[in-house]
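Read the structure below first, then the notes.
The values are calculated or read from the model by the stated rules, or taken from the named source; none is laboratory data. Here the structure is a predicted model, which is why all the values come from computation and not from measurement. Cβ atoms come from the backbone with ideal geometry, glycine included; neighbour counts cover every protein chain shown. Note: areas computed on protein heavy atoms with side chains; ligands, DNA, RNA excluded. Shrake-Rupley method; radii C 1.70, N 1.55, O 1.52, S 1.80 Å.
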Amino acid sequence: MTEATGTTDPVSTERRSPLDEVHRAAGASFTDFAGWQMPVRYSSDLAEHHAVRTSAGLFDLSHMGEIIVVGPEAAEALDYALAGKLSAIALGQAKYSLLLGRDGGVIDDLVVYRTGEDRYMVVANASNREVVAEELRDRTSPFDTEVFDESDDIALIALQGPDALEVLQQTPGFGIQGPGNDEEDFVAAVAALKYYRAVAAEYEGEPVLVARTGYTGEDGFELYVAPDRAARLWDALRETGGPRVVPCGLASRDTLRLEAGMPLYGHELGRDILPVQAGLGRVVALTKDGDFVGRKAIEQGPAEGAPVLVGLTAEGRRAPRAGYEVFDGDGPDARRVGEITSGALSPTLGHPVAMAFVAPDAAEPGSQLFVDVRGTRIAASVVALPFYKRTA
């Protein structure tokens, strides 16, 4: 990402979040991300990262895309359009899935919510929103279903960290949709909400979808709300949580997801990468009946010797970065075996961590490799992902 400061006014072609004024008032620094001006940090990357690991962080994810697929054959349509078996998920359940090309490459990774008997919400990455919407329209056209891009009508706030549940429960104004709409019902409902589940709720009388998913390796919630309610909800969560709730930018989100071993589109995922190469073979439902886009290529598998994703750890303070080369030795005759896709000095673990695509014969956990860090080869060990996993 290319960082820009909050003092520079974005040009008119750039998009702004419904929370843009809130971020600027808080002194955020901004970066261009997929055409959006989004906060990259408020105070320091380390402080924001540690807040999520120890208390709670608040993220604006309103740049993400929300695409609605609805109709009597919506389930069957998504089974064909996506790699997973979406017809199998229950009302209120979410599922991580992939939109594949016909060659098996990853066009985007998605989270799909079943929000009604014949209604699904597909959450896409900001950079792929238009592509995903168009692909879904094309792939579902033979079915009795419709596709609507509702991204501009939905703001998304994420509350992540060990204190997230308590803060959400204590924030006034929430209720559960339906008779009674009691705050006590909301408190009980979110406490009972399982991972990758969502509940239809209300905030100050307006609909809000509360999901328990996350991209940080911590417990947390995503709140899908109308754009004109986003600032009020953001402020309420901060006021309720006090110093326990820290606003966080994209920089800390990236180090958090890296520690949790979660792929980022454009780094660990792309159109030239098959899911199995990125450790996501389980996401593809080859056992489901019928065809789906990319099935033939997935069944054939990647070419012999195709690189696979691994975790790498190193000592010291010099962190591998995306694009750095990986070798099987530190001498002049060493073989280049791969390339770093994401890397950082882990704020939680205190040493460098990275993900890299390497040759299969260099991917065994425990293997010692070397990363070229600005002309110096740094020893690194292959490890299983994730680097960090919460204990409770």
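Quick notes on this structure:
- Of residues in segment 119-128 being in contact with a strand residue (DSSP E or B) (Cβ under 6 Å, 6 or more places away or on another chain) and open to solvent by 20 Å² or more (accessible area, probe 1.4 Å), the one farthest from Ser97 (Cα to Cα): Arg119
- Gly305 in contact (Cβ under 8 Å) with a residue 40 or more places away in the chain and either open to solvent by less than 30 Å² (accessible area, probe 1.4 Å) or part of a loop (DSSP other than H, G, I, E, B) (or both): yes
- Residue match in segment 69-86 (condition: under 21 Å from Ala155 (Cβ atoms) and either surrounded by fewer than 24 Cβ atoms within 10 Å (Cβ to Cβ) or in contact with a Cys (Cβ under 6 Å, 6 or more places away or on another chain) (or both)): yes
- Single residue of segment 19-41 satisfying the filter (under 20 Å from the mean Cα position of the chain (by Cα) and part of a loop (DSSP other than H, G, I, E, B)) that is surrounded by the most Cβ atoms within 10 Å (Cβ to Cβ): Leu19
- Pick from segment 308-334, criterion open to solvent by less than 100 Å² (accessible area, probe 1.4 Å) and over 20 Å from Gly261 (Cβ atoms), ranking: nearest to the chain's Cα centre (by Cα): Glu325
- Residues of segment 54-69 that are among the aliphatic types (A, V, I, L, M) and in a strand (DSSP E or B): Ala56, Leu58, Ile67, Ile68, Val69.
- Among residues of segment 315-330 that are closer than 12 Å to Ser381 by Cα, those with a beta-carbon under 6 Å from a residue that is of a type in the set (Phe, Trp, Tyr) at least six positions away or on a different chain give the pairs Phe327/Phe370.
- The one condition from (1) within 26 Å of Val106 (Cβ to Cβ); (2) open to solvent by 20 Å² or more (accessible area, probe 1.4 Å); (3) in contact (Cβ under 8 Å) with a residue 24 or more places away in the chain that Arg282 does not meet is (3).
- Residue ranges of strands (runs of 3 or more DSSP E) in segment 119-174 with at least 2 members over 22 Å from Asp108 (Cα atoms): 155-160
- Residues in segment 77-113 that are in a helix (DSSP H, G or I), in contact with a strand residue (DSSP E or B) (Cβ under 7 Å, 6 or more places away or on another chain) and farther than 24 Å from Gly266 by Cα: 2 in all.
- Of the residues making up segment 163-180, those that are touching a residue at least 24 places away in the same chain (Cβ under 8 Å) and open to solvent by less than 70 Å² (accessible area, probe 1.4 Å) are Asp163, Ala164, Leu165, Val167, Leu168, Thr171, Gly173, Phe174, Gly175, Ile176.
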